[in-house]
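> Pasting a structure here, questions to come.
Every number here is computed from the coordinates shown, using simple stated rules; none is lab data. A quick note: this is a predicted structure, and the numbers were derived from the prediction, not measured. Every residue, glycine among them, receives a Cβ derived from its backbone with ideal geometry; neighbour counts consider all protein chains shown.
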There are 2 protein chains.
Amino acid sequence: MVTQKRVRANTRPRRGYGQYCALAKALDVIGDRWTLLIVRELLLRGPCRYTDVRNGLPGIATNLLAERLRELEATGILRREDAPPPVATTLLRLTARGEALRSVVHAIGRWGGSLLGEQIKDDAFCSHWLAMPLDLYLTDRAPKRPPIAIEVRSGDEPIVIETANGAVRTRIGRAANPDAVLTGPAPLVLRVLMGKLTVGEAKTHGVRYVGDPRALQRVRPV
Amino acid sequence: MVTQKRVRANTRPRRGYGQYCALAKALDVIGDRWTLLIVRELLLRGPCRYTDVRNGLPGIATNLLAERLRELEATGILRREDAPPPVATTLLRLTARGEALRSVVHAIGRWGGSLLGEQIKDDAFCSHWLAMPLDLYLTDRAPKRPPIAIEVRSGDEPIVIETANGAVRTRIGRAANPDAVLTGPAPLVLRVLMGKLTVGEAKTHGVRYVGDPRALQRVRPV
DNA sequence: CAGCATCCGCTTTGATACTG
DNA sequence: CAGTATCAAAGCGGATGCTG
C-alpha cells in the first residue's frame with residue numbers, strides 16, 4: 001500500500017506550547033523565527049509589497065517568508081489587498097491586531113537597545129531601521145514652536161524625523177524642506193541623534209551635518 | 001589514554017539574524033523557543049531551582065532547559081547562586097537585565113490576552129500563570145482603605161492577590177488571613193476576577209467563593 | 001520581475017534514557 | 001535534584017525552478 005505523502009499540503013501541524021497562558025499563546029503566533037521582524041518591516045513601512053518586506057529582511061529564505069506571511073494572514077495579523085489602480089500588485093497591510101504588536105516591538109526594541117551599542121562587524125543594516133530607536137527615544141523639546149524636519153541619510157533609503165504637535169515621528173522618505181540633513185555611517189549618526197556624540201566629534205569620523213544646529217537640540221532625548 | 005569528552009562543551013555557533021537593529025539583537029538573545037517562557041517562570045516565582053522552572057514548563061525537554069539556562073546565564077539575564085544554609089541547592093535568579101524583561105513579557109502577554117479566551121482543549125495549566133493577567137489588569141479601587149488579600153485556588157499551587165499601597169501584586173503562596181477565597185477551574189476563576197462573570201453565575205459551574213463579597217469589587221479591572 | 005514552490009543538507013528540537 | 005547522552009523528527013537556509 002502506498003504511503004500517503006503530500007497529505008496536508010501547506011498547513012503545518014503547528015507546534016505550539018499547549019499552555020493556557022497569554023504569553024505562551026502569543027508566542028505560538030509570533031514566536032517563530034523571523035515573524036516579529038516581518039511585523040517590524042510592516043510597522044516601519046506601512047502597507048507594502050512582498051519584495052519590499054524581503055529587502056528589509058536580508059538573509060531570509062523566500063519560501064520561509066512566504067510561509068510566515070501565510071501564517072500571519074491566517075492568524076489575522078495582516079491581510080492582502082489589491083493596490084490602487086496605477087500599480088497592479090498585492091499589498092501586505094497589518095490589521096488592527098497586527099498594529100497592536102507595535103507595543104510589543106517597542107518593548108523588545110527598548111530592551112534590546114543596550115545590546116546594540118557594541119560593534120557592527122558584518123551586520124546587515126537598512127537605514128529605515130533607524131526609525132525605531134528614533135521613535136522610541138527622541139522627544140520634541142519645544143512643542144509650541146513651528147515644526148521642524150531633519151533628513152537622515154545613512155544607507156539605501158533616506159528617512160525623515162518630523163515634529164508634529166508635540167510628538168516626534170519618523171518615516172521613510174525625504175523632507176520637502178528639511179531644517180537639517182545628517183549624513184554618515186549608522187552607528188555614528190545614531191549616537192549623534194541620541195546626544196551621545198557631538199556633531200563636532202562626529203564630523204571627524206565622516207559624519208556630515210548641514211543646516212540649523214538647533215534642530216538637533218530640538219529633538220534630543222530625555 | 002582517556003578520551004576528553006568535554007571538548008566543545010557548551011558553546012553553540014549561535015545563529016543570529018546579523019542585523020544592526022535593536023529588535024533583531026534582542027531576538028538573537030530571547031527569540032529562541034522556550035526562552036521567554038523560562039523568563040516568565042523566573043519573573044512569577046522569583047529565584048527558584050531548576051526543578052521549579054521545569055515544573056512550570058510542561059513539555060520542555062530537560063536538555064533544552066539546561067541549554068537555555070546556560071545561554072541566559074551567558075547573556076547576563078540570570079545568574080546562579082548558592083541557596084542560603086538550610087537547603088543546599090543552586091538558585092536561579094534574574095539579573096537586572098533579566099528583570100527588565102518584565103516589560104517585554106507584559107507587552108506580549110497583554111497582546112496575547114485576546115487569544116486566550118477561546119478554549120482549553122488539552123492545554124496544560126499551572127495556577128501560578130494566573131498571576132500575569134491579574135497583575136496586568138487588576139487595580140486597587142480603594143487605595144486608601146486597609147489592604148486586602150484574596151486567595152485563589154485553581155490548580156496545584158495557591159496564589160494570593162494583595163493590595164499594597166495602591167497597587168495590586170500577585171504572588172505564589174497562601175494568605176495568612178484572606179478576606180476571600182476563590183476556588184474553581186481556571187478559565188472561570190479568571191473570568192470572575194476580570195469581572196466578566198458574576199460570582200453567582202460562576203457558582204453554577206463549579207466555582208466557590210468564600211468571604212467578603214466586596215473584596216472582588218475592590219480589585220476589579222478598569 | 002514579483003511571488004512563490006520544491007528539493008536538499010544542516011541545525012534545532014522533542015522524547016526518552018541514563019548518571020553523579 | 002540537576003543535569004548529560006542519544007537519536008529521530010521537524011525546522012531552517014540556500015539554491016534553483018516555475019509561473020503570470
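> For region A:86-190, state which GluC sites (Glu not before Pro) are in a DSSP loop and have at most 13 other beta carbons lying within 10 Å of their beta carbon. Please list the in-between numbers first.
Working: sites: A:99, A:118, A:151, A:162; in loops: A:118.
Within region A:86-190, the qualifying GluC sites (Glu not before Pro) (loop, at most 13 other Cβ atoms within 10 Å) are A:118.
> Rounded to the nearest 20 debye, what is the charge dipole size of the protein assembly as shown about its Cα centre when +1 sits on each Lys and Arg Cβ and -1 on each Asp and Glu Cβ? Mind dumping the intermediate values first?
Working: 70 positive and 44 negative charges, 28 e Å.
Its charge dipole is roughly 140 debye.
> Give me the Kirkwood hydrodynamic radius of chain A, using the inverse of the mean 1/r over all pairs of distinct Cα atoms, in Å to one decimal. Could you put the intermediate results ahead of the total?
Values: mean 1/r = 0.0510 Å⁻¹.
So the Kirkwood estimate lands at 19.6 Å.
> Can I ask one more? Label-to-label distances across copies for residue A:206, with labels 7 Å out along Cα→Cβ, in nm, shortest first?
6.6
> Shifting gears a bit: Lysines within cross-link reach of residue A:25: Cα-Cα under 17 Å, excluding same-chain residues under 8 positions apart?
Those lysines meeting the cut-off are B:121.
> What size of dipole, in debye to the nearest 20, comes out for region B:127-221 about its Cα centre when the only charges are +1 on Lys and Arg C-beta atoms and -1 on Asp and Glu C-beta atoms? Kindly include the intermediate steps, with their values, before the conclusion.
Working: 14 positive and 9 negative charges, 60 e Å.
Its charge dipole is roughly 280 debye.
> Two decimals, Cα atoms only, Kirkwood Rh: what is Rg/Rh over region B:2-115? Walk me through the numbers before you get to the answer.
Values: Rg = 15.6 Å, Rh = 15.5 Å.
Ratio of gyration radius to Kirkwood radius: 1.00.
> Going Cα to Cα from residue B:196, which aspartates and glutamates come in below 16 Å? Please leave out same-chain ones fewer than 8 positions away.
Within the straight-line cut-off, residue B:196 pairs with B:118.
> A further question on this structure: Which one of B:181, B:168, B:210 has the biggest mean-square fluctuation once chain B is modelled by GNM with Cα springs under 10 Å?
Highest fluctuation among the options: B:210.
> Can you tell me which of B:102-109, B:37-44 comes out highest on packing, and rank the rest after it, using the mean Cβ neighbours within 10 Å? Show your work: numbers first, answer last.
Details: B:102-109: 21.5, B:37-44: 23.0.
Final packing ranking: B:37-44, B:102-109.
> Could you give each residue of region A:146-158 its phi-based ³J(HN,Hα) in whole Hz, using Karplus coefficients 6.51, -1.76, 1.60 with θ = phi - 60°, and x for Gly or Pro?
These are the phi-based 3J(HN,Hα) values: x, x, 10, 9, 10, 9, 10, 10, 9, x, 5, 10, x Hz.
> Distance between the C-alpha centers of region A:121-190 and region B:186-222? Whole Å please.
Centre-to-centre distance over Cα atoms comes out at 49 Å.
> May I pose another question? Run the helix sum for chain A: -39,500 (n - 2.57) per DSSP H stretch of 4+ residues, divided by residue count, reported at 222 nm to the nearest 500 deg cm²/dmol.
On the way: 10 runs with 84 residues, N = 222.
The helix contribution divided over chain A gives -10500 deg cm²/dmol.
> Run through the other copies and list how far each one's label point is from that of residue B:67, in nm with one decimal, shortest first; the point sits 7 Å from Cα along Cα-Cβ.
Residue B:67 label point versus its equivalents elsewhere: 1.8 nm.
> Between the label point of residue A:183 and that of the same position in each other copy, find the distances and list them shortest first in nm, with every label point placed 7 Å from Cα along the Cα-to-C-beta direction.
Listed shortest first, these distances are 7.5 nm.
> While we're on this one: From the phi of every residue in region B:23-32, what ³J(HN,Hα) in whole Hz does the Karplus formula 6.51 cos²θ - 1.76 cosθ + 1.60 yield, where θ is phi - 60° and glycine or proline is x?
So the J values, rounded to whole Hz, are 5, 5, 5, 5, 5, 4, 9, 10, x, 6.
> OK, next. Which log10 I(q)/I(0) values, to two decimals, does the protein assembly as shown give at q = 0.09, 0.12, 0.13 Å⁻¹ under the Debye formula with one point per Cα?
-0.72, -1.15, -1.25
> Can you give the mean number of other chain Cβ atoms that lie within 10 Å of the Cβ atoms in peptide A:58-69? Walk me through the numbers before you get to the answer.
Values: counts 3, 4, 1, 0, 0, 0, 0, 0, 0, 0, 0, 0.
Counting other chains' Cβ atoms within 10 Å and averaging over A:58-69 gives 1.
> Right, something else. I need A:48, A:126 ordered by Cβ neighbour count within 10 Å, fewest first. Could the numbers behind the result be given before it?
Values: A:48 19, A:126 22.
Exposure proxy ranking, most exposed first: A:48, A:126.
> I would also like to ask the following. Of the candidates B:203, B:144, B:121, which one comes out as most mobile in a Gaussian network treatment of chain B with C-alpha springs shorter than 10 Å?
Most flexible of the set in this elastic network: B:121.
> Find which of B:19, A:113, A:42 sits farthest along the positive direction of the dipole of the protein assembly as shown, computed with +1 on the beta-carbon of Lys and Arg, -1 on that of Asp and Glu, about the Cα centre.
B:19
> Which angle between 0 and 90 degrees, to the nearest 10, do you get for helix B:35-45 versus the longest principal axis of chain B when only C-alpha atoms count?
50
> Just counting partner chain Cβ atoms within 10 Å, what average do the residues of peptide B:98-108 show around their Cβ?
Working: counts 0, 0, 4, 3, 2, 6, 9, 4, 5, 12, 14.
That works out to 5 on average.
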